[in-house]
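Take a look at the structure set out below.
The values are calculated or read from the model by the stated rules, or taken from the named source; none is laboratory data. If you're wondering where the values come from, they're calculated on a predicted model, not measured in any experiment. Note: ideal-geometry Cβ built from the backbone for every residue, glycine included; neighbour counts use all protein chains shown.
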Amino acid sequence: MAGVGTALAVDVGGTKLAVGLVTDRGQLVHAARAATPTAAEPDAVFAPLADLVDRVAVAATREGLVPEVCGVGCGGPMSAGGETVSPLNIAGWRDFPLRARLEAATGLPTFVDNDAKALALAEGWRGAARGVESYLAMVVSTGVGGGIVLEGRLLDGGSGNAGHVGHVVVDPAGRRCECGARGCLEAEASGTAIAAITGRPAAEAGAEVVARTGRLVGRAVGSVANLLDLRLAVVAGSVALGFGDPFFAAAQDELDATACLDFSRGARIRPAGLGDAGPLVGAAAVGRRGLGRPVRPGR
């Protein structure tokens, strides 16, 4: 059958919604995007997502592709299995039944996971962590999220929320986070935090802010490397990739100063390898994982 192994991929972020088609080789062959509404009404947020799904379904038919699964990456936290989602950066969704709503809209078996965990799968499958058995993947964007792979296995945690590196405390005297704690990485280094601190969008940040953001990310990565015996972190997201080399240099310097144990010394932080395609490739990987399909390099 045409399109066997193709996934309908859905990425839900605080500023952007995206839907695409991803082949069984991890190739993104079609995508549509829209801004995430700021409305408080849950269906007002879901409506444009459903519209994107319809548009991509039309494209799939036109291109002779028949998706077999819907995979979703969404900001957290969420309940086990992604049955309900409560993204901190989407105020209109609290305990929103995203999996059931998308399954009804698509008619496909649907699997939902944290967007940063989805990225971790994608980067191990087709990105900068190919061939690496243990690593951290991060998104530094509107918010900050993470996914952890240990010995080739994505960590889920008791409720599916393992990897929330955005809530590692990097400044105990820092800003109050949306989660209720103080000084979380997300409260200090996300695009939302940078705009609140500086009064300007992260894209307009000066060199001092770029360097500080990099240092804080490197500090969090160092803590994770020490805790879990990791030697690689791959970082995506509009803030990290937009800040570019100065951000990664500052992050590496702080990582070197923080990861000083014999097993963590020399840990590296590098840009994610899939660029803009990463979130949708990751969402497809969530779907494949849900079906029990491999998402390892070369498969």
Query raised in the report: Mind checking which residues of the stretch 173-195 are in a loop (DSSP other than H, G, I, E, B), more than 22 Å from residue 16 (Cα to Cα) and modelled with pLDDT of 95 or more?
Result: 173, 174, 175, 181, 183
Query raised in the report: Considering only helices (runs of 4 or more DSSP H) fully contained in the stretch 196-299, which possess at least 2 residues that are under 18 Å from residue 136 (Cα atoms), in contact with a helix residue (DSSP H, G or I) (Cβ under 7 Å, 6 or more places away or on another chain) and assigned by TED's automatic domain parsing to the domain that holds residue 147?
Result: 207-228, 238-243, 245-258
Report task. Please enumerate the residues belonging to the stretch 127-172 that are among the basic types (Lys, Arg) and in a strand (DSSP E or B). Result -> 153
Query raised in the report: Looking at the stretch 69-118, which of the residues that are basic (Lys, Arg) and part of a helix (DSSP H, G or I) is farthest from the chain's Cα centre (by Cα)?
Result: 101
Requested in this report: Go through (1) touching a His at 6+ places or on another chain (Cβ under 8 Å); (2) surrounded by fewer than 19 Cβ atoms within 10 Å (Cβ to Cβ); (3) at pLDDT 95 or above one by one and return the number of the condition residue 63 breaks.
Outcome: (3)
**Report entry** the stretch 189-202, residues that are out of contact with any Ser or Thr (no Cβ under 8 Å at 6 or more places or on another chain) and not polar (S, T, N, Q)
**Finding:** 193, 195, 196, 197, 199, 200, 201
Report summary line: With criteria (1) closer than 27 Å to residue 125 by Cβ; (2) modelled with pLDDT of 95 or more; (3) of a type in the set (S, T, N, Q), residue 159 comes up short on (2)
Query raised in the report: Of all residues in the stretch 162-172, how many are at pLDDT 95 or above and either of a type in the set (A, V, I, L, M) or not assigned by TED's automatic domain parsing to the domain that holds residue 209 (or both)?
Result: 4
Query raised in the report: Does residue 127 satisfy the condition of being more than 20 Å from residue 16 (Cα to Cα) and either of a type outside the set (Lys, Arg) or under 19 Å from the mean Cα position of the chain (by Cα) (or both)?
Result: yes
Report summary line: Here the residues within the stretch 31-51 that are surrounded by fewer than 19 Cβ atoms within 10 Å (Cβ to Cβ), in contact with a Gly (Cβ under 9 Å, 6 or more places away or on another chain) and in contact (Cβ under 8 Å) with a residue 24 or more places away in the chain are 32, 37, 38, 39, 40, 41, 42, 44
Requested in this report: Read through the list (1) closer than 29 Å to residue 194 by Cα; (2) in contact with a strand residue (DSSP E or B) (Cβ under 8 Å, 6 or more places away or on another chain); (3) among the hydroxyl-bearing types (Ser, Thr, Tyr), then give the number of the only condition that residue 110 fails.
Outcome: (1)
Query raised in the report: Which condition number in (1) surrounded by fewer than 19 Cβ atoms within 10 Å (Cβ to Cβ); (2) within 20 Å of residue 168 (Cα to Cα) is the one that residue 234 fails?
Result: (1)
